[in-house]
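A short reminder: the numbers here are calculations on the coordinates, not readings from a lab. None of the values given here were measured: they were computed from a predicted structure. With ideal geometry, Cβ positions are generated from the backbone for all residues, glycine too; neighbour counts draw on all protein chains shown.
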């Protein structure tokens, strides 16, 4: 029988200094949740907005029993820390340093077959969702698009799905 994992899938993106901001987002999330599983990081053109800046996007799984409202507060705080104006009525169509969206609460292995279109209508995240679910289920997954390497502290991620376990007992 498979180990049950319960938590949230987050869609994360940035198109203002995206390499630095994705690194900062992951760094800040690790302060709250020292175990994160991440899809690869993909460079994706802006969709639904008039911008010349491409986004870096990643899907993150956070294993937690934390209430969704509390996780949303953490996500909003990170967005504001990195310079996003959450009160701007046009914030969804503007370039942004940080965008953290809770996509769904998920329990694995039960929800492993959940279709991506039931998780989000942001179709550009579908391959990342498929990859992170395969990673969490220890299943092979072949995504042809190359991931973007990101470095934070002594960690490098982004080229393939990975799990980061920041051991708080050591540096």
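Going residue by residue through segment 42-57, is there one that turns out to be loosely packed, with under 13 Cβ neighbours inside 10 Å, over 19 Å from residue 14 (Cα atoms) and either without any contact (Cβ under 8 Å) to a residue 24 or more places away in the chain or in contact with a helix residue (DSSP H, G or I) (Cβ under 8 Å, 6 or more places away or on another chain) (or both)? Among the residues of segment 42-57, not one is loosely packed, with under 13 Cβ neighbours inside 10 Å, over 19 Å from residue 14 (Cα atoms) and either without any contact (Cβ under 8 Å) to a residue 24 or more places away in the chain or in contact with a helix residue (DSSP H, G or I) (Cβ under 8 Å, 6 or more places away or on another chain) (or both), which makes the answer no.
Selection of segment 108-142 for residues being within 12 Å of residue 5 (Cβ to Cβ) and surrounded by 12 or more Cβ atoms within 10 Å (Cβ to Cβ) yields 108, 109, 110, 111, 112, 132, 133, 135, 136, 137. Here segment 1-33 is the region considered, the condition is being closer than 26 Å to residue 109 by Cα and in a helix (DSSP H, G or I), and the residue that is farthest from the chain's Cα centre (by Cα) is 32.
Can you name every residue in segment 78-129 that is within 13 Å of residue 59 (Cα to Cα), in contact with a strand residue (DSSP E or B) (Cβ under 8 Å, 6 or more places away or on another chain) and either assigned to a loop (DSSP other than H, G, I, E, B) or without any contact (Cβ under 8 Å) to a residue 60 or more places away in the chain (or both)? Listed by number, the residues that qualify are 120, 122.
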